[in-house]
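Every read-out reported here was derived from the displayed coordinates using simple, explicitly stated rules and does not represent laboratory data. Computed from a predicted structure; not experimentally measured. Every residue, glycine among them, receives a Cβ derived from its backbone with ideal geometry; neighbour counts consider all protein chains shown.
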């Protein structure tokens, strides 16, 4: 029986993950504590409206994210209550509270760090500076998609990719909330309909298209591997895919490491 082997949430959109032993799935389709904060460009301080569902969302192109700033992969983020700490190994880049003064300090220090690490050209494009830190520690709302979604991929899929392109199978490249063991490679791409994870029933909606964020080495913060090309050329995918998007049914709940995962018959 397939089981949950790893759980992650991302307190700051576009930054590195927090490994968890359990995740709380909210009724609105989001993971509690996931993407609660975001560093936004000065010209992207309001959400966009999704044309399909008419709901607001915050696309990654409007702020700091690995897709445009691969060096962010080097940073470790810790959000403890109303205090955010960002470190580069043993060096603390910034640590402050989420009041106005603390947010300003965090934005200034992150800007300085990016400039010192070769990202100045991208950062200083017209309209981007100064950065603004939006959000609060209690609300998950900065997902890339208006409906939120939970992201899941199979461990066997990243292992298959690793066998073809060594180094590409690091799960951190794919930024999923849930990793599942015991499935066949790429099996989850075909999941549709009801899926039970522990006591939480979800519906599998569609595969996850992947972007340049997957090219960023999780340790060095450099673009080192052509992951998108490998997914298409070596596995015959129509576009770069890894994992599946899920939405909860009947109010969400808690998912834990070791929970069994099963496909359910359509209701």
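Below, the figures for the structure above:
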item	result
Folded to 0 to 90 degrees: helix 100-116 orientation relative to the chain principal axis, Cα	90
Residue among 234, 192, 206 with the largest mean-square fluctuation in a Gaussian network model of the chain, springs linking Cα atoms under 10 Å	234
Sequence of 255, 49 once ranked by neighbouring C-beta atoms within 10 Å, starting from the fewest	49, 255
Percentage relative contact order, the chain, counting C-alpha pairs under 8 Å, at least six apart	27
Debye log10 I(q)/I(0) for the range 1-98, one point scatterer per Cα, at q = 0.16 Å⁻¹	-0.82
Peptide ranges 56-62, 148-154 listed from the most packed, as the mean C-beta count within 10 angstrom indicates	148-154, 56-62
The range 1-122 - percent relative contact order, Cα under 8 Å, separation 6 or more	18
Residue exposure sequence - 228, 1 - by fewest surrounding Cβ within 10 Å	1, 228
Value of [θ]222 nm, deg cm²/dmol, for the chain, DSSP H segments ≥ 4, -39500 (n - 2.57) each, nearest 500	-4000 deg cm²/dmol
Distance between modelled label sites at residue 100 and residue 19, nm, 7 Å Cα→Cβ extension	4.0
0 to 90° range, to nearest 10: angle between helix 155-164 axis and the chain longest Cα axis	70
Packing-based order for 118-125, 35-42, using average beta carbon neighbours within 10 Å, highest first	35-42, 118-125
Residues residue 3 and residue 115, FRET efficiency given R0 of 41 Å [Cβ-Cβ distance, rounded to 0.05]	0.40
GNM result for the chain, Cα springs below 10 Å: residue of 32, 65, 185 fluctuating most strongly	185
Separation of the residue 224 and residue 82 label points, Cα + 7 Å toward Cβ, nm	4.0
Sorted by Cβ density within 10 Å, fewest first, the residues 140, 22	22, 140
R0 of 25 Å, Cβ-Cβ distance residue 61-residue 233: FRET efficiency to nearest 0.05	0.45
